[in-house]
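Reviewing the structure listed below.
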Amino acid sequence: MSDTKRRRQRQARRGRGAPEIPVDEFRAPDGMVAFTLDVHGINPITMCVEAAEFVEALSTVEQGFDGAEKARNDLEYYAKVRSSVIANFRQASANGEDVEAPCLAALWCVFNYPEGADIVRRRVSEALRRHGNAHITMACDEKGRLPLQCLINSLR
């Protein structure tokens, strides 16, 4: 197992029993893309992926998903995929299991939304270029819907 994979796993596990850092104080480390998955009723989880390995991490998720192209082009199908990802995250979190896979799948959802994925990609690229890091937050209500837009920032 690579050092990066171990680091991502440690980061993904931090949500359970880890000391809490106030949201407004967290900063993505330099060279990293941080992703916070905030699902109603579950402690938010933040994982970090090295910017240099970010595209590879998303490609790995996509390789294991036969419906990727359909999800990118069909909003209704995409919603079903996203709901399934959130349900898997809920189950893994409730069972105390590793949440890296559902977190990466949720991140894939952010970057492959049928309407506006290109905007997300540009904003993250811009944050990395300007600040050397980026932080993406995906917040879902109790039904797994996204009442809030995904937020992208890189505060210093």
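The values are calculated or read from the model by the stated rules, or taken from the named source; none is laboratory data. As the structure is a prediction and not an experimental result, all values here were calculated from the model. FYI the Cβ positions are ideal-geometry reconstructions off the backbone, even for glycines, and counts take in every protein chain you see.
Can you confirm whether CYS48 is farther than 21 Å from LYS143 by Cα and touching a Lys or Arg at 6+ places or on another chain (Cβ under 9 Å)?
yes
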- Task: With the condition kept exactly as written, say whether any residue in region 76-87 is under 20 Å from ILE45 (Cα atoms), touching a strand residue (DSSP E or B) at 6+ places or on another chain (Cβ under 7 Å) and not in a loop (DSSP other than H, G, I, E, B).
- Result: yes
- Note on the structure: Conditions (1) aliphatic (A, V, I, L, M); (2) in a loop (DSSP other than H, G, I, E, B); (3) under 25 Å from SER125 (Cβ atoms); (4) modelled with pLDDT of 85 or more -> ALA28 fails only (4)
- Identity of the residue in region 32-60, out of contact with any strand residue (DSSP E or B) (no Cβ under 8 Å at 6 or more places or on another chain) and of a type in the set (Val, Ile, Thr), that ends up surrounded by the most Cβ atoms within 10 Å (Cβ to Cβ): ILE42
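Identify all residues within region 82-115 that are among the aliphatic types (A, V, I, L, M) and within 24 Å of SER125 (Cβ to Cβ); write none if there are none.
Those that are among the aliphatic types (A, V, I, L, M) and within 24 Å of SER125 (Cβ to Cβ): VAL85, LEU104, ALA105, ALA106, LEU107, VAL110.
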- Only one of these is basic (Lys, Arg), more than 13 Å from the chain's Cα centre (by Cα), surrounded by 14 or more Cβ atoms within 10 Å (Cβ to Cβ) and farther than 25 Å from PRO29 by Cβ: ARG82, ARG90, ARG123. Name it. ARG90
- Item | Residue within region 142-156 that is touching a Lys or Arg at 6+ places or on another chain (Cβ under 6 Å) and modelled with pLDDT under 90 present | yes
- Please work out which residue is nearest to TYR113 (Cα to Cα), limiting yourself to region 88-101 and to residues that are assigned to a helix (DSSP H, G or I) and polar (S, T, N, Q). ASN88
- Message: Can you report the number of residues in region 126-146 which are surrounded by fewer than 18 Cβ atoms within 10 Å (Cβ to Cβ), among the small types (Gly, Ala, Ser) and closer than 16 Å to ASP30 by Cβ?
- Response: 1
- Report yes if PRO19 is modelled with pLDDT under 90 and closer than 19 Å to MET138 by Cβ, otherwise no. no
- Exactly one of (1) in contact (Cβ under 8 Å) with a residue 60 or more places away in the chain; (2) out of contact with any Gly (no Cβ under 6 Å at 6 or more places or on another chain) is unmet by SER83. Its number? (2)
